[in-house]
Amino acid sequence: VTPIPLRTLAGEPNLLMLLQPVPESFGRSAEAVQEAYRDYQQLTLGRSGLKRIYTITLSLTLLLALLTALAVAFFIARRLAAPLLILAEGTQAVAQGDFSPRQALPANDELGVLTQSFNRMTRQLQDARGAAERSRAEVEAARAYLESVLAHLSTGVLAFSVDGQLRAANHGALQILADDLAGFEDLALEDWPRLDLFRDTLVEGFANNEGDWQTQIDLPVKDSSPLSLLIHGSRLPAVGGGGLVVVFDDISSLVAAQRTAAWAEVARRLAHEIKNPLTPIQLSAERLAFKLADRLDDSGREMLERATTTIVNQVEAMKNLVNAFRDYARLPAPKLAAVDLNALIREVLHL
């Protein structure tokens with residue numbers, strides 16, 4: 001199509017159009033080019049809109065991805081932190097003395113195994129503490145019982161450390177020694193300021209004996225007769241910490257009883273030896289009076305009778321004296337009677 005210089009009657013320009021047939025392939029190509037050009041024009045016109053759509057789409061996608069990542073991270077962090085929080089609470093509880101098991105997680109990963117192991121440990125600690133408390137209670141009960149027994153013993157008991165320092169003394173020891181042993185706790189046995197004989201006896205006993213030893217002393221007492229003390233010393237095994245133990249008792253009454261028994265035996269034998277010749281003497285005097293009475297005159301018979309009577313009377317007096325001396329060595333006759341054993345035991349316990 002091209003314009004020509006000739007105009008129409010109306011003054012409009014004339015156009016000359018030349019039509020020429022072309023191959024069909026050229027026509028399709030031309031149509032494709034035109035269609036592509038139209039599409040390009042449409043894309044050019046909608047470029048800014050598509051850009052905004054793509055921007056919004058990508059932004060939404062990125063936001064969703066970020067939220068998803070945060071949710072996944074929170075879930076994973078909570079899953080990872082839950083056992084750690086349980087362990088943290090458990091350690092704080094254990095530090096405060098609470099060994100009760102914590103909440104166990106069913107997970108089979110390392111953290112779950114760790115929490116289960118921690119719970120087993122706390123249970124074992126709780127069992128161990130319970131056993132320790134029971135053992136401590138038993139030890140305290142045994143110690144209280146032993147202290148009660150020692151406090152009510154009339155026998156004196158002294159406990160020393162390995163280096164000879166006084167650690168404990170029962171009431172019986174203080175009563176027998178008539179001394180409160182004040183100030184002796186931090187002193188070695190050799191440095192005791194009082195009870196010299198008792199102190200020297202203990203020092204010598206432990207110095208000369210590696211095992212148990214026993215001795216007897218007469219402890220002087222002011223304004224009274226000496227006390228006969230039977231002392232027994234022992235060394236405690238080194239396994240339990242070692243130490244020294246002294247047990248002593250006042251056997252003055254026992255010694256007095258032994259002396260009385262000895263004198264009683266002497267009296268019995270002496271009475272027997274004295275009484276043996278008295279009967280022959282009495283019989284001989286009576287026989288002399290019987291044989292010589294008819295051979296003497298009245299004055300001689302009277303003198304013989306007085307002499308024999310005196311001999312017989314004195315022999316009877318000697319017999320009475322010997323019998324009394326013999327009875328001193330004889331135990332009194334027992335008096336048998338029915339006794340309520342339960343009442344007797346209760347009476348002894350009250351003492």
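Pairs are defined by a Cβ separation below 6 Å, a sequence spacing of at least 6 or placement on different chains, a first member in region 11-35 that is surrounded by fewer than 10 Cβ atoms within 10 Å (Cβ to Cβ), and a second member that is modelled with pLDDT under 70 and not in a strand (DSSP E or B); the pairs so defined are Leu15/Val1; Met17/Val1. Would you be able to tell me the number of residues in region 223-240 that are within 24 Å of Val149 (Cα to Cα) and free of Cβ contacts under 8 Å to residues at least 24 places away in the same chain? Residues that pass the stated criteria total 6. Considering region 240-270, the residues that are surrounded by 15 or more Cβ atoms within 10 Å (Cβ to Cβ) and of a type in the set (Asp, Glu) include one that is modelled with the highest pLDDT, namely Asp249. Selection of region 181-195 for residues being touching a strand residue (DSSP E or B) at 6+ places or on another chain (Cβ under 9 Å) and either within 28 Å of Ser253 (Cα to Cα) or outside any strand (DSSP E or B) (or both) yields Leu181, Phe184, Glu185, Asp186, Leu187, Leu189, Trp192, Leu195.
Assess whether Gly164 counts as being surrounded by 15 or more Cβ atoms within 10 Å (Cβ to Cβ), of a type outside the set (Ser, Thr, Tyr) and more than 28 Å from Ser253 (Cβ to Cβ).
When the stated conditions are applied, Gly164 passes them.
Kindly establish whether Glu204 is in a helix (DSSP H, G or I), more than 42 Å from the chain's Cα centre (by Cα), at pLDDT 75 or above and among the charged types (D, E, K, R). For Glu204, the condition - in a helix (DSSP H, G or I), more than 42 Å from the chain's Cα centre (by Cα), at pLDDT 75 or above and among the charged types (D, E, K, R) - is not met. Filtered by the rule that a residue be among the hydrophobic types (A, V, I, L, M, F, W, C) and either free of Cβ contacts under 8 Å to residues at least 60 places away in the same chain or touching a Ser or Thr at 6+ places or on another chain (Cβ under 8 Å) (or both), region 267-290 gives Leu270, Ala271, Ile274, Leu278, Ile281, Leu283, Ala285, Leu288, Ala289, Phe290. Scanning region 219-232 finds one or more residues that are modelled with pLDDT under 80, of a type in the set (Lys, Arg) and not in a helix (DSSP H, G or I). Scanning region 198-215 for residues that are among the aliphatic types (A, V, I, L, M) and surrounded by 13 or more Cβ atoms within 10 Å (Cβ to Cβ) yields Leu202, Val203.
The values are calculated or read from the model by the stated rules, or taken from the named source; none is laboratory data. Owing to the predicted nature of the structure, the values given are computational and were not obtained by experimental measurement. Neighbour counts run over all protein chains shown; Cβ positions are idealised from the backbone, glycine included.
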